[in-house]
Amino acid sequence: MPSRRHVFAAAPAAALLALAACSTGPSGGTASGSGTGSSAAAAAFPVTITHAHGSTTIEKAPTRVATIGWADADTVTALGITPVGAPKITWGGNAKGSTDWFDAQLAKIGGSDADVARYDDSAGIPFDAIAATSPDLILGLSSGVSKEDYDKLSKIAPVVAYTTAPWGTPWQEQVSVIGKALGKDAEAARLVAATERSISDAKAAHPEIAGKTAAWAWFTPTDLSTIGLYSSADLRPQMLREFGLVDSPTVVELSKADPTAFSVNLSAEKASTLDADLVVFYADEATTAESITGNALLGQIPALRKKQYVASADNAVALSMSLPSPLSVRTAVEEFLPKIASALEGTPAS
């Protein structure tokens, strides 16, 4: 099974990005008059936030925010603050170890690449690199940080971990909690509302997909005897549901064994039982659409036989679905949603 990291309408979206830019802050992690340094924000502190590993009290408005979840930095910048540190995006990211949507928002709030330390978390949480940013708050809402790592990070600065399942906190809750941690509750609520409107408007343009069942799968090219399926708790199925689809009954049933797991397995010998109108899976040089659809067992998946599948080969676009945020939604609705609509019509998308 691959690592957790790697098996990851224009007008409304433009309006969303404009809203995200309304709360502006200069580079270096600080905020201007409308940011966390304002008297209104200061009045919100101290604040205590409950999460998976207990509760964290933030005594005063943070000015140096580091993140460990890949989508956390999106929300911080969407709320007008430049994070002092964020993980390098090593799957689906751009040449700078970032994303185009993050870079665009960073520029809008007056930040620059030099302001954000990009640390590599491929071998685990880089404690020293995070400590080097001198943070006064560490955010891990879109992470699966363990209790042991949480305790280590807490020696550096107050930490807010995920609130539900590891890597499964809904993006709305991520925004709400981060807004509370930054003293920007009202701005966070407006950001959630604007993002939800952009999704709703895009969904309305594709009424034909409403109610269709979907499963998001992954395959290990060296062992095609097992079908990996992202569970109902994972952010990918969560985003498919946001678009109006519903979880495959097969996924729902398999997810019952461990509601906190992000992935479940189905034997390839039972491929014909994967009940879904649509199947999405990652495709690359080792796992091509042809290698999956042409496999004697996997080719029996009903959606593959009907050519109702998305063989996702653009990691940057796929990242917008596995790491939904107020910034990535534009890519999700403009580039991924049309792939879904095409696949459901019997024209596979990539």
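Computed over the range 207-344, the Cα gyration tensor eigenvalues convert (square root of 5λ each) into semi-axes of 21, 17, 15 Å, ordered from largest to smallest. What does the C-alpha gyration tensor say about the overall shape of the range 144-207? Classify as rounded when a/c is under 1.5, otherwise prolate if a/b is larger than b/c, or oblate. Cα axes put the range 144-207 in the oblate bin. Annotation for Glu269 and Asp100: the two label points, set 7 Å from Cα along the Cα-Cβ direction, are 4.5 nm apart. Sorted into 20 angstrom bins from 0, the C-alpha pair distances of the chain split as 32, 56, 12, 0 percent. When each of the peptides 202-212, 268-278, 158-168 is scored by the mean number of other C-beta atoms lying within 10 Å of its residues, the order from highest to lowest reads 158-168, 268-278, 202-212.
Among residues other than Glu345 with Cβ under 12 Å from its Cβ, the summed charge is +2 (Lys and Arg +1, Asp and Glu -1). Packing, as the average of other Cβ atoms within 10 Å across residues, places the peptides 91-97, 139-145, 187-193 in the order 139-145, 187-193, 91-97, highest first.
Proximity of backbone amide H atoms, modeled 1.01 Å from N, is registered between Tyr119 and Ala86, Lys88 at under 5 Å, excluding neighbours fewer than 5 places apart on the same chain. Here's the list of lysines a cross-link from Lys147 could span, going by alpha-carbon distance under 19 Å and ignoring same-chain residues fewer than 8 apart: Lys155. Structural descriptor for the range 207-344: relative contact order 26 percent, calculated from alpha carbon pairs under 8 angstrom and at least 6 residues apart. Taking the fewest neighbouring Cβ atoms within 10 Å as the starting point, the ordered list for Asp128, Asp151 is Asp128, Asp151. When Thr226, Thr75 are arranged by Cβ crowding within 10 Å, least crowded first, meaning fewest neighbours, the order is Thr226, Thr75.
Over the chain, dividing the summed -39,500 (n - 2.57) contributions of all DSSP H runs of at least 4 residues by the number of residues returns a 222 nm mean residue ellipticity of -9000 deg cm²/dmol. Within the straight-line cut-off of under 19 Å between alpha carbons, the lysines reachable from Lys339 are Lys203, Lys212, Lys306, Lys307, sequence neighbours fewer than 8 places apart in one chain being disregarded. Among the aspartates and glutamates, which fall within straight-line cross-link reach of Lys96, defined as a Cα-Cα distance under 16 Å, with same-chain neighbours fewer than 8 residues apart omitted? The reachable aspartates and glutamates, counting only those whose Cα sits under 16 Å from Lys96, are Asp74, Asp113, Asp115, Asp120, Asp121. Using Cβ point charges alone (K and R +1, D and E -1), the dipole size of the chain about the Cα centre works out to roughly 400 debye. Remark on Val246: its backbone amide H falls under 5 Å from those of Gly211, Lys212, Thr213, Ala214, a criterion applied only to residues 5 or more positions apart or on other chains, H modelled at 1.01 Å from N.
Net charge of the neighbourhood of Gly244, taken over other residues with C-beta under 11 Å away and scored Lys/Arg +1, Asp/Glu -1, is +1.
Every number here is computed from the coordinates shown, using simple stated rules; none is lab data. This one's a predicted model, so the numbers in the text were calculated from it and none came from an experiment. Cβ sites come from the backbone with ideal geometry, for glycine too, and all protein chains shown count toward neighbours.
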